[in-house]
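Comments concern the structure below.
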Amino acid sequence: MNMPNSGDQSADALPPPERRSDSAFAIMWKEFLKAPFSAKFGFFVIFSYIFVAIFAPVIAPYGEAEIAGDQFELWSQQFLLGTDNLGRDMLTRIIYGARNTVGIALIITLFAFLVGGILGILAAVVGGWIDQLLSRTVDVLMAIPLLIFAMLLLTIFGTSVINMILIIGILDSTRVFRISRAVSLNVVVMDFIEAARLRGEGLGWITIREILPNIAPPLVAEFGLRFCFVFLTISALSFLGLGVQPPTADWGSMVRDTADLITFDDYTPLIPAAAIALLTIGVNFVVDWFLHKTSGLKDEH
Amino acid sequence: MSDILKMLAHRISLGLLTLFAVSLIIFLGVSLLPGDAAQSMLGQAATTETVEALRKQMGLDLPPHTRYLQWLGNILQGDFGVSIGNRREISELIGVRFANTLFLALFAAVIAVPLALTLGVLAALYRNSIYDRTVNVVTLSSISTPEFFVAYILILLVSVKAGMFPSLANISPDTPLFERLHKMFLPAVTLTLVVLAHMMRMTRAAIINLLASPYIEMATLKGMSRARVIVHHALPNAWAPIVNVIVLNLAYLIVGVVVVEVVFVYPGLGQLLVDSVQRRDLPVVQACCLIFAATYVLLNLIADILSIMTNPRLLHPK
């Protein structure tokens with residue numbers, strides 16, 4: 001529409017979209033200010049973790065696997081949180097843990113959403129025997145508790161980060177499949193989908209342009225919850241010695257390495273554990289607020 | 001009544017089918033492994049003849065479907081095969097440990113169930129009060145907390161600082177009951193805290209859902225007392241969701257037990273599973289996973305059956 005306009009006019013035409021994006025940002029900011037304290041706290045936690053993860057090499061006083069002092073040194077000026085069972089600085093490893101543990105959990109969740117989301121929407125749109133096949137397979141896979149199933153598969157394929165990403169990602173995608181299929185089924189019966197089909201739009205168009213925007217809010221909330229679940233699961237596996245392997249700094253295995261200190265009245269093992277808990281609590285608070293906003297449960301406020 | 005029987009039969013056959021499929025997956029998963037149990041038992045140095053002989057002895061030369069049926073048949077008779085690590089009968093290893101795990105889960109359930117139901121119902125009845133909001137924040141936080149965090153905080157506070165309960169739950173079959181309960185107290189409390197939040201939130205949601213139904217509003221509008229509405233109108237319909245909440249959380253307990261057992265060095269099935277995964281002792285892992293999965297499936301089946309059997313609409317057909 002703006003094509004025929006000359007230069008100065010298009011410069012005049014520029015501000016509106018900018019103002020619109022400004023107001024969208026303003027709306028978000030307003031919503032954020034109205035959010036309960038727990039949600040603000042959640043956002044604060046998430047952003048500080050992202051900051052630490054990105055700038056880990058700058059913030060950390062030592063190298064990730066560097067042996068900086070003696071084994072199990074106490075908290076001091078030199079080692080703010082002491083050292084671990086090999087003499088590596090705890091604070092440094094906690095900072096790098098933000099990168100590794102959170103990064104791996106994020107990759108797994110994205111992978112699970114890619115697989116589960118696509119298959120779930122496909123099952124809802126196509127229906128028929130494909131839906132039956134996928135749904136029954138997922139039923140059976142979900143009948144086995146995830147942690148137990150993951151341990152069996154890790155025994156078979158060996159414990160490594162890549163195996164863990166693939167195994168947990170695929171097992172967790174069954175849960176994503178369930179929810180994305182369920183929410184898509186509600187949308188598939190709408191008239192505008194029928195209209196798109198009659199227009200002759202392909203499967204890809206219908207999925208991306210018609211269904212995806214309508215199922216985004218519940219999927220975003222689910223992403224937060226699945227991230228927490230995956231994060232706790234890989235922390236548990238690493239704690240059991242079956243997840244992230246040394247020398248990669250990881251919160252679950254750090255708790256395992258320093259666990260003996262607890263009987264000497266030392267708080268050190270609690271710190272990586274608290275780092276795990278704090279992030280999941282933060283994400284849960286944000287998701288809880290988001291769910292209330294999008295599901296229209298006004299009486300809950 | 002025939003309706004209810006038909007539904008029960010349907011559920012039970014579906015549950016058995018799931019069990020069958022689960023056993024098939026666990027069997028097939030292990031068959032995917034390159035090499036086989038005979039090779040790993042004898043190690044790389046073994047001659048081809050001895051490996052072949054052991055394969056024959058273990059029946060590994062048979063076709064997969066025969067092996068599966070044999071394996072399943074043996075398990076149904078309580079024979080889980082032999083551990084690769086120490087060549088002991090797996091059923092011997094598992095027996096006492098499984099009983100220990102169930103005992104721990106039961107101990108936790110005895111504390112958690114009444115507590116969670118009471119707190120959950122209260123939160124539903126006094127919805128949006130300060131109490132309800134506090135409960136929401138506290139339970140959200142405790143759901144988000146890894147089991148080992150709760151466990152180590154308890155060890156630090158109750159065991160190391162206060163010295164009231166031991167941090168090791170290393171019981172043996174001849175530990176007397178009182179000492180056993182004393183040693184198991186911390187693992188049981190950890191499990192309770194882990195499962196309590198889930199149970200409370202589910203109870204609260206179920207009750208709120210129920211109180212929003214039109215017949216409850218009708219009863220209230222008729223001028224009935226709140227107690228009568230709850231006991232005579234809400235409760236008969238509340239049993240199904242409540243029973244469901246309890247059994248589903250018991251299933252959750254059975255799985256959550258793994259990490260807790262490792263922290264407290266409790267001689268249960270979960271610890272055996274973790275040790276065996278580290279040693280890659282496949283037959284033991286296979287057996288443990290099968291038992292965990294079967295318990296999980298059975299508890300879910302029980303939840304389904306109980307919620308059908310406590311549904312007043314099905315119990316009083318027109």
Checklist line | ³J(HN,Hα) computed for each position of the range A:273-290 - Karplus, 6.51 cos²θ - 1.76 cosθ + 1.60, integer Hz, glycine/proline x | finding: 5, 5, 4, 5, 4, 4, 5, 5, 4, x, 4, 4, 4, 5, 4, 4, 5, 4
Notebook entry, point to check: Mind checking which of A:162, A:94, A:208 has the largest fluctuation in a GNM of chain A, springs on alpha carbons under 10 Å?
Noted result: A:208
Check: Can you give the Rg to Rh ratio of chain B, both from alpha-carbon atoms, with Rh computed by the Kirkwood formula?
Finding: 1.06
Next item on the list: Report the equivalent ellipsoid semi-axes for the range B:205-266 in whole Å, largest first, defined as the square roots of five times the eigenvalues of the gyration tensor built from alpha carbon atoms.
Entry: 38, 9, 8
Note to self: Sort B:149-155, B:295-301 by the packing proxy (mean of other Cβ within 10 Å over each peptide's residues), most packed first.
What the structure shows: B:149-155, B:295-301
Next item on the list: For the protein assembly as shown, compute the number of Lys pairs whose alpha carbons are separated by less than 16 Å, excluding pairs fewer than 8 positions apart on the same chain.
Entry: 5
Item checked: Crossing angle, helix A:128-143 versus chain A [Cα axis fit, 0-90 degrees, rounded to tens] -> 20
Notebook entry, point to check: Tell me, what is a quarter of the convex hull surface for the C-alpha atoms of the protein assembly as shown, in nm² with one decimal?
Noted result: 38.9
Notebook entry, point to check: In deg cm²/dmol and to the nearest 500, what is the mean residue ellipticity at 222 nm of the protein assembly as shown if only DSSP H runs of at least 4 residues count, each as -39500 (n - 2.57), divided by the residue total?
Noted result: -24500 deg cm²/dmol
Notebook entry, point to check: What spacing in nm lies between the two simple spin-label points modelled at residue A:34 and residue A:78, each 7 Å away from Cα in the Cβ direction?
Noted result: 5.6
Next item on the list: Sort chain A into rounded, prolate or oblate with this rule: let a ≥ b ≥ c be the square roots of the eigenvalues of the Cα gyration tensor; rounded if a/c is under 1.5, and if a/c is not under 1.5, prolate when a/b is larger than b/c, oblate otherwise.
Entry: oblate
Check: When Cβ neighbours within 10 Å are restricted to other protein chains, what is their mean count per residue of peptide B:284-293?
Finding: 4
Check: Starting at 0 and stepping by 10 Å, how many percent of the alpha carbon pairs of the range B:40-149 end up in each bin?
Finding: 11, 22, 20, 14, 16, 12, 5, 1
Checklist line | the range A:92-237, relative contact order in percent, only Cα pairs under 8 angstrom and at least six apart counted | finding: 37
Notebook entry, point to check: By its C-alpha gyration tensor, with a ≥ b ≥ c as the square roots of the eigenvalues, how is the range B:96-279 shaped: rounded for a/c under 1.5, else prolate for a/b larger than b/c, else oblate?
Noted result: prolate
Next item on the list: Within 10 Å, count the other beta carbons around each residue, average over each peptide in B:68-78, B:172-182, B:103-113, and list them highest first.
Entry: B:103-113, B:68-78, B:172-182
Note to self: Let me confirm one metric for peptide A:152-161, namely the mean number of other chain beta-carbon atoms within 10 Å of its residues' beta-carbons.
What the structure shows: 5
Margin query: If packing is taken as the average count of other Cβ atoms within 10 Å, what order do B:215-228, A:175-188, A:53-66 fall into, highest mean first?
Written below: A:175-188, A:53-66, B:215-228
Next item on the list: Would you mind giving the average projected area, over all directions, of the Cα convex hull of the range B:169-232 in nm² with one decimal?
Entry: 6.8
Check: Is there a simple number for the mean count of other chain Cβ atoms within 10 Å of the Cβ of residues in A:164-172, and what is it?
Finding: 0
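Computed from the coordinates by the stated procedures, all read-outs in this text should not be read as laboratory data. The structure presented is a predicted model; accordingly, all values stated were derived computationally and were not measured. Every residue, glycine among them, receives a Cβ derived from its backbone with ideal geometry; neighbour counts consider all protein chains shown.
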